[in-house]
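Okay, so here's the structure we're looking at.
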Amino acid sequence: MIKIAVSNEKGGVAKTTTVVSLGAALAEAGKKVLLIDLDAQANLSLALGIESDQVKTCISTALLNATPLPGLIFSLPYLPNLAIIPSNHEMTQAERFLSVQHDYERALDRLIAPLEQDWDYILMDCPPFLGMVTLNALITADLLLIPTQAEYFSVVALKNLLNWVRRIRAQYNPNLVYRLLLTMFDRRNRTHRVLAEQLRLNFAQGVLETFIETDTKLRESPIAGLPVILHAPKTRASVQYRALAQEIIAHVQETTLQPA
Ligand SMILES: Nc1ncnc2c1ncn2[C@@H]1O[C@H](COP(=O)(O)OP(=O)(O)OP(=O)(O)O)[C@@H](O)[C@H]1O
Ligand SMILES: [Mg+2]
């Protein structure tokens, strides 16, 4: 089982879009994929058609009370290999009260451990800030996937996140590997091309080969409550997220993701 945390403290950089689209592409490629919504905004849950009143036990309750995760899983009829543990506004409770508990940093790690044999991939959608829940996700993760736009402010926000990664590696999870994913890329935009080039120079193999271009179908698919590869199978975003799934699978097959 490979655990991927999708995180960036910058808002609106396509974290949730990447979790839905990559998760569905991995499932389509035959992998068993569990998505976990860790954000109180519950955008991931909504994007897959799950409203907050359907969520009886939120992952927040599980984190605070060590509730086993299997009872919280929703299967998705249109892609049998794909399932989700949804979230709702109660997620703010975990953010507030987790840190008073003993060994709270590994609460999510303990919940996920019994699922080891059941899933090939777990993808965690983190909120847009570096709080207790994101900390838990990065401590359990094998791979931190950082969606980032080729914009100046996005590049600045990366520095803080990467400082966090260094601290988490030193204290909790020495094997945490990160990869940057360029999103909402516009190849006609000169600034995008220049910043993308700089990111590749600075981070080398830390930047994934696949990048995701702007595609309005990605804005429509949450309204349909479907991943883009089902909503618009042939659109550019579907092709690119499928390529991303193959790149991730290839990385995992090499087993040793080279630290970046
Ligand atoms: N490649 C793309 N092309 C066009 N629109 C996109 C693309 N990727 C994401 N979007 C849109 O950008 C908006 C923000 O995306 P998303 O919600 O995935 O970001 P996020 O990082 O999860 O945001 P938050 O920080 O609020 O959790 C959404 O409306 C989404 O549909
Ligand atoms: Mg989001």
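Restricting to bridges with both residues inside the chain, how much of the DSSP beta-bridge set is antiparallel, in percent to the nearest 5? Before the final figure, lay out the partial values.
Values: 2 of 28 bridges.
DSSP beta bridges in the chain are roughly 5 percent antiparallel.
Counting pairs of alpha carbon atoms under 8 Å apart in space and at least six apart in sequence, what relative contact order in percent does the chain give?
On the way: 502 pairs, mean separation 67.2, N = 260.
Relative contact order, the chain: 26 percent.
How many percent of the alpha carbon pairs in the chain exceed a separation of 28 Å?
On the way: 9317 of 33670 pairs.
The answer is 28 percent, as a whole percent.
Heavy atoms only, probe 1.4 Å: what % of the accessible area of the chain goes to carbon and sulfur, would you let me know?
Details: 6040 of 11610 Å².
Its accessible area is 52 percent carbon and sulfur atoms.
Return the FRET efficiency for the residue pair F129, K234: r is the Cβ-Cβ distance, R0 is 25 Å, and the value is rounded to the nearest 0.05.
Details: r = 36 Å, r/R0 = 1.44.
So the FRET efficiency works out to roughly 0.10.
Given that compact globular proteins tend to follow 2.2 N^0.38 Å, what is the ratio of the alpha-carbon Rg of region 183-260 to that value?
Values: Rg = 14.5 Å, N = 78, 2.2 N^0.38 = 11.5 Å.
With N residues counted in region 183-260, Rg over 2.2 N^0.38 Å equals 1.26.
Can you tell me the FRET efficiency between R200 and A243 if r is taken as the Cβ-Cβ distance and R0 is 22 Å, rounded to the nearest 0.05?
On the way: r = 17 Å, r/R0 = 0.77.
FRET efficiency, R200 to A243: 0.85.
Let me check I have the definition right: for region 1-89, take the eigenvalues of the Cα gyration tensor, multiply each by 5, take square roots. What are those semi-axes in whole Å, largest first? Working shown, then result.
Working: eigenvalues 72, 55, 33 Å².
Taking √(5λ) for each eigenvalue gives 19, 17, 13 Å, largest first.
How do the peptides 133-142, 188-197 rank, highest first, by the average count of neighbouring beta carbon atoms within 10 Å per residue?
Values: 133-142: 23.8, 188-197: 13.6.
Highest to lowest by the protection proxy: 133-142, 188-197.
If you rank V207, V155 by how much accessible surface each has, with a 1.4 Å probe, what is the order from largest down? Don't jump to the answer; show the numbers that get you there.
Values: V207 10, V155 40 Å².
Result, largest first: V155, V207.
Among L244, L181, L199, which one moves the most in a GNM of the chain with springs linking Cα atoms closer than 10 Å?
L199
Just to be sure I understand: with springs between alpha-carbon atoms less than 10 Å apart, which residue in V100, V20, V55 has the highest mean-square fluctuation in the Gaussian network model of the chain?
Taking springs between Cα atoms under 10 Å, the residue moving most is V100.
Let me have the relative contact order for region 18-101, percent, based on Cα pairs under 8 Å that are six or more residues apart.
Details: 129 pairs, mean separation 32.4, N = 84.
Averaging sequence separation for qualifying contacts and normalising by length gives 39 percent for region 18-101.
Would you mind counting up the charge near D109? Only other residues with Cβ under 14 Å from its Cβ, with Lys and Arg at +1 and Asp and Glu at -1. Mind showing how you got there, number by number?
Numbers: positive: K3, R106, R110; negative: D103, E105, E116, D142.
Once positives and negatives cancel, what remains is -1.
For the chain, with a Gaussian network of springs between Cα atoms less than 10 Å apart, report the residue from R242, R187, R179 with the top mean-square fluctuation.
Result for the chain, Cα springs under 10 Å: R187 fluctuates most.
Could you state, as a whole-number percent, how many of the C-alpha pairs of region 12-152 are farther apart than 25 Å?
Percentage above 25 Å: 20.
Of K31/K159; K32/K159; K15/K56; K31/K234, which ones are farther than 29 Å apart at the Cα? Provide the component values of the computation, followed by the final result.
On the way: K31/K159 33 Å; K32/K159 33 Å; K15/K56 25 Å; K31/K234 21 Å.
Pairs exceeding the cut-off: K31/K159; K32/K159.
Determine the gain in length on full extension of the stretch D186-S52; use 0.36 nm per residue of separation and subtract their C-alpha separation, reporting nm with one decimal. Please report the intermediate quantities before stating the final value.
Values: separation 134, 0.36 × 134 = 48.24 nm, distance 3.42 nm.
Full extension of this stretch gives 44.8 nm more.
Pulled fully out, how much extra length does the chain show between R110 and R193, if you take 0.36 nm times their separation in residues and subtract their Cα-Cα distance?
Values: separation 83, 0.36 × 83 = 29.88 nm, distance 4.19 nm.
So the extension gain works out to 25.7 nm.
Out of every Cα-Cα pair in region 113-240, what percent are more than 23 Å apart?
Details: 3545 of 8128 pairs.
The share of Cα pairs beyond 23 Å in region 113-240 comes to 44 percent.
Defining a contact as two alpha carbons under 8 Å apart and six or more residues distant in sequence, what relative contact order in percent does region 15-161 show?
Values: 226 pairs, mean separation 44.8, N = 147.
With pairs under 8 Å counted, the relative contact order is 30 percent.
The values are calculated or read from the model by the stated rules, or taken from the named source; none is laboratory data. Quick caveat, the model's predicted, so the values are computed rather than measured. All Cβ positions, glycine included, derive from the backbone under ideal geometry; neighbour counts span all protein chains shown. Surface areas here come from the heavy atoms of the whole protein model, side chains and all, with no ligands, DNA or RNA. Shrake-Rupley method; radii C 1.70, N 1.55, O 1.52, S 1.80 Å.
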